[in-house]
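Chemist: First the structure, which I've put down as structure tokens, then a few questions once you've had a look.
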Amino acid sequence: MSESDVRRIVREEIERSFRRDPATRTAAIVASKGTLDWAYPPLILANAAAAIGMDVSVFFTFYGLNIIHKDAERRLRVDPVGNPAMPMPVRVPDIVSSLPGMVPMASAMMRSKFARNKVATVRELLTEAREAEVRLIACQMTVDVFGHRPEDFIDGVEFAGAAAFMARARKAHTTLFI
């Protein structure tokens, strides 16, 4: 059996599965964290799901709103005190990690590490998601509570309450809380 035969068989099985259960084509992801390191998982997973043909929705709530905010570059930071597992070039005691300037330094270090490894930026991942028709949904309650306005967010963001998202998520084959 050739590689093309195996690929054809796998493709046919996926198509058969999609026909049997339309929910296998859907993914619902909740993005609740608003730091640089937590912005990547929901966006990478959403883009991967869209790439295999799934209908994807990402619900941004609480600090996850930072990811889709127009000012995301400034808002998405990483705090070495809040993330003790963060790899540092040298061992840094917690007291030093809490000094002024450590958050910008750690954030710059993380961005540099991503760039060196040719990882897409958060902005690029959002662009890819919109191009793949991933639904980016801002939690309306959180937007209101935090005093945001619709124009604070990137183009293409929808606004909905938790109940509207849950109606979509309950029918999804894959539901993730990140």
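Chemist: For the range 121-133, enumerate the residues that are within 28 Å of A108 (Cα to Cα) and not hydroxyl-bearing (S, T, Y). Let's see the steps before the verdict.
Modeler: Kept after step one, since they are within 28 Å of A108 (Cα to Cα), are these residues of the range 121-133: 121-131.
Correct list: V122, R123, E124, L125, L126, E128, A129, R130, E131.
Chemist: Which of the residues spanning the range 125-135 are crowded, with 18+ Cβ neighbours inside 10 Å and out of contact with any Asp or Glu (no Cβ under 8 Å at 6 or more places or on another chain)? Full working, then the answer.
Modeler: Quick first cut of the range 125-135, residues crowded, with 18+ Cβ neighbours inside 10 Å only: 125-126, 129, 134-135.
Result: L125, L126, A129, V134.
Chemist: While we're on this one: Filter the range 150-161 down to the residues that are touching a strand residue (DSSP E or B) at 6+ places or on another chain (Cβ under 8 Å) and either β-branched (V, I, T) or outside any helix (DSSP H, G or I) (or both) and list them by number. So that I can check it myself, show each step before the final result.
Modeler: Residues of the range 150-161 that are touching a strand residue (DSSP E or B) at 6+ places or on another chain (Cβ under 8 Å), as a first pass: 150, 152-154, 156-161.
Selection gives F153, I154, G156, V157, E158, F159, A160, G161.
Chemist: Just name the residue that is modelled with the highest pLDDT out of those in the range 27-78 that are within 21 Å of E151 (Cα to Cα) and acidic (D, E).
Modeler: D71
Chemist: Tell me, which residue of the range 13-45 that is in contact with an Asp or Glu (Cβ under 9 Å, 6 or more places away or on another chain) and in contact (Cβ under 8 Å) with a residue 60 or more places away in the chain is most open to solvent (accessible area, probe 1.4 Å)?
Modeler: Here the answer is R25.
Chemist: Please go through the range 1-12 and pick out each residue that is assigned to a helix (DSSP H, G or I) and either open to solvent by less than 90 Å² (accessible area, probe 1.4 Å) or at pLDDT 85 or above (or both).
Modeler: Of the range 1-12, the ones assigned to a helix (DSSP H, G or I) are 3-12.
If the condition is that a residue be assigned to a helix (DSSP H, G or I) and either open to solvent by less than 90 Å² (accessible area, probe 1.4 Å) or at pLDDT 85 or above (or both), then E3, S4, D5, V6, R7, R8, I9, V10, E12 are the ones that fit.
Chemist: Continuing with this model, one more query. Under the condition of being in contact (Cβ under 8 Å) with a residue 40 or more places away in the chain and touching a helix residue (DSSP H, G or I) at 6+ places or on another chain (Cβ under 6 Å), which residue from the range 150-159 is surrounded by the most Cβ atoms within 10 Å (Cβ to Cβ)?
Modeler: Among those that are in contact (Cβ under 8 Å) with a residue 40 or more places away in the chain and touching a helix residue (DSSP H, G or I) at 6+ places or on another chain (Cβ under 6 Å), it is F153.
Residues checked against (1) hydrophobic (A, V, I, L, M, F, W, C); (2) crowded, with 17+ Cβ neighbours inside 10 Å; (3) part of a loop (DSSP other than H, G, I, E, B):
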site: K118; (1), (2), (3): no, no, yes
site: R123; (1), (2), (3): no, no, no
site: I137; (1), (2), (3): yes, yes, no
site: H148; (1), (2), (3): no, no, yes
site: A163; (1), (2), (3): yes, no, no
site: A167; (1), (2), (3): yes, no, no
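The values are calculated or read from the model by the stated rules, or taken from the named source; none is laboratory data. Keep in mind it's a predicted model, so treat the numbers as computed, not measured. All Cβ positions, glycine included, derive from the backbone under ideal geometry; neighbour counts span all protein chains shown. Only protein heavy atoms, including side chains, enter the accessible area calculation; ligands, DNA and RNA are left aside. Shrake-Rupley method; radii C 1.70, N 1.55, O 1.52, S 1.80 Å.
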